[in-house]
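The values are calculated or read from the model by the stated rules, or taken from the named source; none is laboratory data. From a predicted model like this one, the values you see are computed outputs, not experimental measurements. Virtual Cβ from ideal backbone geometry, glycine too; neighbours counted across all protein chains shown. Ligands, DNA and RNA are stripped out before the accessible areas are found, and what is left, the full protein with its side chains, is counted by its heavy atoms. Shrake-Rupley method; radii C 1.70, N 1.55, O 1.52, S 1.80 Å.
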Amino acid sequence: DGTITVLGVRGTDKLLEAEAKRIIEKLPKLIPGKQRGKPTPVTFAYPINFKLQS
């Protein structure tokens, strides 16, 4: 149905992981993937690069 599910996050810090997860969860529903005309789950990797100020 286009719902996004976060399977896992990886990062250098727990705060950055939490922020990346929050950003992905705010995305709107996507157009569902289809295979042979039927909706099917699709796995994506969304790289997020944070630029931190010192």
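Within the accessible surface of the chain, defined with a 1.4 Å probe on protein heavy atoms only, the carbon and sulfur portion equals 55 percent. Per-peptide packing, taken as the mean over residues of other Cβ atoms within 10 Å, places 11-18, 33-40 in the sequence 11-18, 33-40 from highest down.
Every helix of 4 or more DSSP H residues in the chain counts as -39500 (n - 2.57), and over all residues that averages to -7000 deg cm²/dmol at 222 nm. Convex hull volume per residue, computed on the Cα atoms of the chain, equals 85 Å³. Solvent-accessible area per residue in segment 12-53 equals 101 Å², computed with a 1.4 angstrom probe and all protein chains kept.
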